Amino acid sequence: GGGGGAAMADGDGLMSVDYEVYGKVQGVFFRKYTQGEAKRLGLVGWVQNTSHGTVQGQIQGPTARVRELQEWLKKIGSPQSRISRAEFSNEKKIEALEHKEFQIVK
């Protein structure tokens with residue numbers, strides 16, 4: 001906290017960010033747990049396994065909530081997962097959500 005000011009008021013704006021999670025993240029219900037956590041936070045987007053053993057997707061929603069899911073993707077994940085790192089890219093402010101829900105992509 002601290003160091004507020006008018007600029008901080010838009011902390012409630014919507015944002016979009018792509019992610020990729022490395023480690024032991026396939027075959028451990030990582031997608032199911034990510035979807036559950038995203039829904040709990042009221043976020044939309046998607047998640048899928050990649051052919052090279054990672055999990056990737058996109059998150060959209062209120063900035064503060066997106067940040068929460070980013071922390072979750074970096075540190076927690078599903079109970080059996082072993083996250084080595086999470087990378088985020090294409091972070092941007094958006095005017096409206098581009099997804100209806102948070103879905104698992106096969």
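Brief remarks on what is shown
- Filter result (open to solvent by 80 Å² or more (accessible area, probe 1.4 Å) and in a strand (DSSP E or B)) within the stretch 69-86: 82, 84, 85
- Residue match in the stretch 24-32 (condition: closer than 13 Å to residue 101 by Cβ and open to solvent by less than 10 Å² (accessible area, probe 1.4 Å)): no
- Of the candidates 47, 21, 66, 17, the single residue that is out of contact with any Asp or Glu (no Cβ under 7 Å at 6 or more places or on another chain), outside any helix (DSSP H, G or I) and under 22 Å from residue 96 (Cα atoms) is 47.
The values are calculated or read from the model by the stated rules, or taken from the named source; none is laboratory data. Owing to the predicted nature of the structure, the values given are computational and were not obtained by experimental measurement. Neighbour counts run over all protein chains shown; Cβ positions are idealised from the backbone, glycine included. Surface areas here come from the heavy atoms of the whole protein model, side chains and all, with no ligands, DNA or RNA. Shrake-Rupley method; radii C 1.70, N 1.55, O 1.52, S 1.80 Å.
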